[in-house]
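Structure first, commentary second.
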Amino acid sequence: LISRRLRHVYNSSGRDLSALRAKGTTNPAFINAADLTQLGLASGDLVEISSEHATILGVAQATDELQSGVISMAHAWGDSPENDGQVREIGSSTNRLVNNAADCDPITGMARQSAIPVNVRPVTEGARRPPGRDRLPLSR
């Protein structure tokens, strides 16, 4: 998973302003269009994004701007895990995918925000499925 910026907000600042909410309410999980097809997904479907540390939900968005095997999301969105069901309204916190104690720069102490190894799989709206063979491993 690599980080990105969204043009209509600065991180998630302004997401409570109605003019900006009209442009988008979540931080989509941008995925190569061929990868989405391989997973049997389309833009707008929910995906589960898992790292060694945690799992978050994302709203898939097809793009031809990313190479196969890469997913990209803006950081600084979402909320605590109990609010994951609101992913379409508040987004997901990609920071939950890293262990802040272990995945940080030794000089600055800054947590990793990009180049996070993840796996992606489809999920049914409102429910997580158990781990299965339908995962798409993405590049590290």
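Quick rundown of the values:
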item: Flag for R129 being open to solvent by 50 Å² or more (accessible area, probe 1.4 Å), under 24 Å from R5 (Cβ atoms) and at pLDDT below 90; result: no
item: Subset tally (residues that are charged (D, E, K, R), modelled with pLDDT of 75 or more and either assigned to a loop (DSSP other than H, G, I, E, B) or surrounded by fewer than 20 Cβ atoms within 10 Å (Cβ to Cβ) (or both)) for the stretch 17-39; result: 0
item: Restricting the stretch 79-116 to residues that are surrounded by 15 or more Cβ atoms within 10 Å (Cβ to Cβ), among the small types (G, A, S) and in contact (Cβ under 8 Å) with a residue 60 or more places away in the chain, the residue that is farthest from S18 (Cα to Cα); result: S92
item: Flag if G85 is outside any loop (DSSP other than H, G, I, E, B), more than 12 Å from S51 (Cβ to Cβ) and modelled with pLDDT under 90; result: yes
item: Cross-chain or 6+ apart pairs with Cβ under 8 Å, the stretch 32-45 first and over 12 Å from G69 (Cα atoms), then open to solvent by 50 Å² or more (accessible area, probe 1.4 Å) and at pLDDT 95 or above; result: S43/Q61; G44/Q61
item: Boolean, Q67 is farther than 19 Å from R96 by Cβ, part of a strand (DSSP E or B) and at pLDDT 95 or above; result: no
item: Any hit, the stretch 40-50, residues being under 14 Å from L1 (Cα atoms), modelled with pLDDT under 95 and outside any helix (DSSP H, G or I); result: no
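The values are calculated or read from the model by the stated rules, or taken from the named source; none is laboratory data. Note that the structure is a prediction, hence the values are computed from the model and not measured. Every residue, glycine among them, receives a Cβ derived from its backbone with ideal geometry; neighbour counts consider all protein chains shown. To get the accessible areas, we keep the full protein, side chains included, count just its heavy atoms, and leave off ligands, DNA and RNA. Shrake-Rupley method; radii C 1.70, N 1.55, O 1.52, S 1.80 Å.
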